[in-house]
Amino acid sequence: TALAARKKCCGCGCRHCPFNHAAVPVQRRAAKIQTPALLRGSLVELDADAGIDVLLWSGGKDSLLAARALCREHGNKRRLVLLTTFDAGSRQVAHQEVQIDAICEQAESLDLPLVGCPLVPHIPYGTRLDEALRLVQRSAPAPVARVCTGDLHLEHVAAWREERI
């Protein structure tokens, strides 16, 4: 395609950017991206001596409890990446009904990298999540060891994720 022939991101936030919006300034990415991209922090700065944990982050209290437990488990090692899905049109995270900008602020406060995964009607959720996990896998210095959730009270959601991810 013409986008791939360019060999680098143009910075406009193109819908099908094959470069994960690398040239879109990080402070503008949450408002622009149409494909999974890093919204905050750095994946290359994660510890390379152990696997990376990806936490599916909704911005709610259960996600925070899961993040705290994982950070305690990791000790001083930087091994945790937050991954959040949100509606590409409204820029809102489902269930929590918060804007993606608020999620970016949470990641900033926690000093954790955040990958954003915009959802669109014509691409299945599982496919989009796979794209985001492949981005982490390609960019992090160690392989993804676990995909974790904070679905403490949503057993049907946890079961679906357990089966498909």
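The values are calculated or read from the model by the stated rules, or taken from the named source; none is laboratory data. This structure is a prediction, so every number in the text was calculated from the model and none was measured. Positions of Cβ are backbone-derived with ideal geometry, glycine not excepted, and every protein chain shown enters the neighbour counts. Remember, those area values only see protein heavy atoms, side chains included, never the ligands or the DNA or RNA. Shrake-Rupley method; radii C 1.70, N 1.55, O 1.52, S 1.80 Å.
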Residue-ordered couplings for the range 109-120, obtained by feeding phi - 60° into the Karplus form 6.51 cos²θ - 1.76 cosθ + 1.60 and rounding to whole Hz (Gly and Pro as x), are 5, 7, 6, 10, x, 10, 9, x, 10, x, 9, 10
Residue 72 and residue 23 label points (each 7 Å along its Cα→Cβ direction) are spaced in nm at 4.6
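So how do 19, 86 rank on accessible area, 1.4 Å probe, biggest first, that is with the largest at the start? Mind dumping the intermediate values first?
Working: 19 60, 86 5 Å².
From most exposed to least exposed: 19, 86.
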Read-out Cα extents along the principal axes in Å, candidates [x] 62, 33, 26; [y] 44, 34, 30; [z] 57, 37, 20; calculated match is [y]
Taking Cα atoms only, helix 61-74 is inclined relative to the longest principal axis of the chain by an angle, in degrees rounded to 10, of 80
Karplus-derived 3J(HN,Hα) from phi for the range 75-90 (6.51 cos²θ - 1.76 cosθ + 1.60, θ = phi - 60°), whole Hz, x at Gly and Pro, runs x, 8, 7, 8, 10, 10, 10, 8, 10, 10, 9, 8, 5, 5, x, 7
Rounded to the nearest 10 degrees, the helix 125-139 long axis (Cα) sits at an angle to the longest Cα principal axis of the chain of 90
With Cα springs under 10 Å, the Gaussian network model of the chain assigns the largest mean-square fluctuation among 142, 23, 66 to 23
Stretched fully, the stretch from residue 49 through residue 137 gains (0.36 nm per residue minus C-alpha distance, one decimal, in nm) 30.2 nm
Contact order relative to length for the range 86-156, counting C-alpha pairs under 8 Å separated by 6 or more residues, stands in percent at 22
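Taking Cα pairs under 8 Å and at least six residues apart, what relative contact order does the chain come out at, in percent? Don't skip to the end; give the middle numbers.
Details: 290 pairs, mean separation 45.0, N = 165.
Over the chain, the number comes to 27 percent.
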Here, residue 125 and residue 92, labelled 7 Å along Cα→Cβ, have an inter-label distance in nm of 1.7
